[in-house]
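The values are calculated or read from the model by the stated rules, or taken from the named source; none is laboratory data. Keep in mind it's a predicted model, so treat the numbers as computed, not measured. All Cβ positions, even for glycine, are placed from backbone atoms using ideal geometry, and neighbour counts span all protein chains on display. With ligands, DNA and RNA removed, areas are computed over all heavy atoms of the protein, side chains included. Shrake-Rupley method; radii C 1.70, N 1.55, O 1.52, S 1.80 Å.
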Amino acid sequence: MDIPSVKLNNGYVIPMVGLGTSGLLGRPSVTAVAGALRSGYRMIDTASRYSNERSVGMGLRQSGVPRDDVVVQTKLGGGDQGFDEAINAAQDSARRLAVDHIDIYLIHWPCPSLGRTVESWKALLTLADEGFIRTAGVSNFTQRQLQSLYDETGRWPALNQIQCSPALARTELREFMTENGIHAQAWHPTGRKEGMLGEPAVIRLARKYGKSPTQIALRWAVQQGISVVPKSSHAGRQIENADLFDFAFEPDDLTALAELDRGEKAARDSEVEEEF
Ligand SMILES: NC(=O)c1ccc[n+]([C@@H]2O[C@H](COP(=O)([O-])OP(=O)(O)OC[C@H]3O[C@@H](n4cnc5c(N)ncnc54)[C@H](OP(=O)(O)O)[C@@H]3O)[C@@H](O)[C@H]2O)c1
């Protein structure tokens, strides 16, 4: 399995497909992570909130893949926002993962009611400057929330992990991110909760290219430079989810998929929704 990569605004290079781990706990988490790495994945997405950093770390070690070949991405929980709190939380995550540095550390949700987003961002920048994390980024940030980080610190995140699939194309937000060198990474990239995989256009394209509906959704992202972190506990589906690079959509195909976009209002709203 050969997964192409993308360079972030700080020069750090990440694969276009990583393994999501939300909902994977204990032994199944160890097995899924070790299996994915053995089959060729080189990026794992976790979060303190997923309560699986220990098992993800175990999977990393059991895979036999050298630590430095793997991008380990985890996230700062809302309850740990604040400058000192974020520094401590990053160290706690690294301890649970049993790694001596974190490759990508994201603020998981902005949580505006806490009023600590900028302090948290300053902590991540400090950790990045010290080399404890390789890349500082965010997740679920709107254009306004990204702008406020830049206004306060003069530094954009390298990456914003957002809810994104053909059903939630996030076009305006992604345009703003592209203008400012912020890489888009898609969570829930299969769009199955939005019922997208049963859409006639997706099924037609799956037949046309001899791929699964899931692969159609994931290809839509990677063809536009959006990296993806699909979660699967199943070895065969993990391989399927990274097998996206031997076909390409024609302009008409992309037009058909664009019609599936439900618009920004259908996405979770980080000005209102908070997780901590
Ligand atoms: N930043 C955030 O706020 C945030 C929020 C949500 C998720 N995430 C991250 O993004 C990752 C992905 O999001 P997600 O887990 O919500 O959704 P997803 O990856 O789009 O979908 C996962 C679901 O699809 C199934 N699946 C995956 N590949 C399949 C395939 N090829 N064929 C059939 N079924 C397939 C999985 O079941 P099986 O395991 O049985 O294959 C699982 O039930 C998460 O795991 C997490 O790491 C981040």
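Taking only C-alpha pairs under 8 Å that are 6+ residues apart, what is the relative contact order of the chain in percent?
On the way: 526 pairs, mean separation 55.6, N = 276.
Relative contact order comes out at 20 percent.
Take the residue pairs Lys7/Lys265; Lys75/Lys211; Lys7/Lys231; Lys122/Lys231; Lys7/Lys211; Lys122/Lys265 and return only those whose Cα atoms are more than 24 Å apart.
On the way: Lys7/Lys265 30 Å; Lys75/Lys211 32 Å; Lys7/Lys231 22 Å; Lys122/Lys231 30 Å; Lys7/Lys211 27 Å; Lys122/Lys265 30 Å.
Table pairs above 24 Å Cα-Cα are Lys7/Lys265; Lys75/Lys211; Lys122/Lys231; Lys7/Lys211; Lys122/Lys265.
In Å², and per residue, what accessible area does the stretch 5-260 have when probed at 1.4 Å with the other protein chains present? Could you put the intermediate results ahead of the total?
Details: 10090 Å² over 256 residues.
Ligands and nucleic acids excluded, the result is 39 Å² per residue.
Kirkwood hydrodynamic radius, the stretch 48-124, all distinct C-alpha pairs: what's the number in Å? Please list the in-between numbers first.
Details: mean 1/r = 0.0778 Å⁻¹.
Evaluated on the stretch 48-124, it is 12.9 Å.
What number, rounded to the nearest 500 deg cm²/dmol, is the helix-based mean residue ellipticity at 222 nm of the chain, given -39500 (n - 2.57) per DSSP H run of at least four residues and division by all its residues? The partial results should precede the final answer.
Numbers: 10 runs with 111 residues, N = 276.
Only helices count here, giving -12000 deg cm²/dmol.
Over the chain, with every protein chain in place, what whole percent of the accessible area is carbon and sulfur at 1.4 Å, could you tell me? Don't skip to the answer; put the middle values down first.
On the way: 5470 of 11580 Å².
Solvent-exposed carbon and sulfur of the chain make up 47 percent of the total.
Sort Phe247, Phe132 by heavy-atom solvent-accessible area, probe 1.4 angstrom, most to least.
Listed by decreasing accessible area, they come as Phe132, Phe247.
Measuring from a point 7 Å past the Cα of Glu152 along Cα-to-C-beta, which residues in the stretch 71-110 have an amide N at less than 19 Å?
Only 75-90, 105-110 fall inside the zone, counting backbone N under 19 Å.
How large is the dipole of the chain about the Cα centre if only Lys and Arg carry +1 and Asp and Glu carry -1, each at its Cβ, rounded to the nearest 20 debye? Spell out each step's value before the answer.
Working: 30 positive and 35 negative charges, 199 e Å.
Its charge dipole is roughly 960 debye.
Given the convex hull of the Cα atoms of the chain, what is a quarter of its surface area in nm²?
On the way: hull surface 52.4 nm².
For the chain, averaging the hull's shadow over all directions gives 13.1 nm².
Can you tell me, using C-alpha contacts under 8 Å and at least 6 residues apart, the relative contact order of the stretch 206-276 as a whole percent? Could the numbers behind the result be given before it?
Numbers: 27 pairs, mean separation 19.9, N = 71.
Reported relative contact order: 28 percent.
Under 10 Å, Cα contacts only: if you run a Gaussian network model on the chain, which one of Pro213, Pro110, Pro189 comes out with the highest mean-square fluctuation?
It is Pro213.
For the stretch 171-218, with only Lys/Arg (+1) and Asp/Glu (-1) charged at the beta-carbon, what is the dipole magnitude about the Cα centre, in debye rounded to 20?
Working: 7 positive and 5 negative charges, 91 e Å.
The dipole of the stretch 171-218 has a size of about 440 debye.
Can you list residues from other chains, or at least 5 along the same chain, whose modelled amide H is less than 5 Å from the amide H of Lys231?
Close amide H contacts, sequence-distant or interchain: Gly20.
First measure r as the distance between the Cβ atoms of Asn88 and Ser39, then evaluate 1/(1 + (r/R0)^6) with R0 = 51 Å and state the FRET efficiency to the nearest 0.05. Present the calculation step by step, with values, prior to reporting the outcome.
Values: r = 35 Å, r/R0 = 0.68.
Taking R0 as 51 Å, the efficiency between Asn88 and Ser39 is 0.90.
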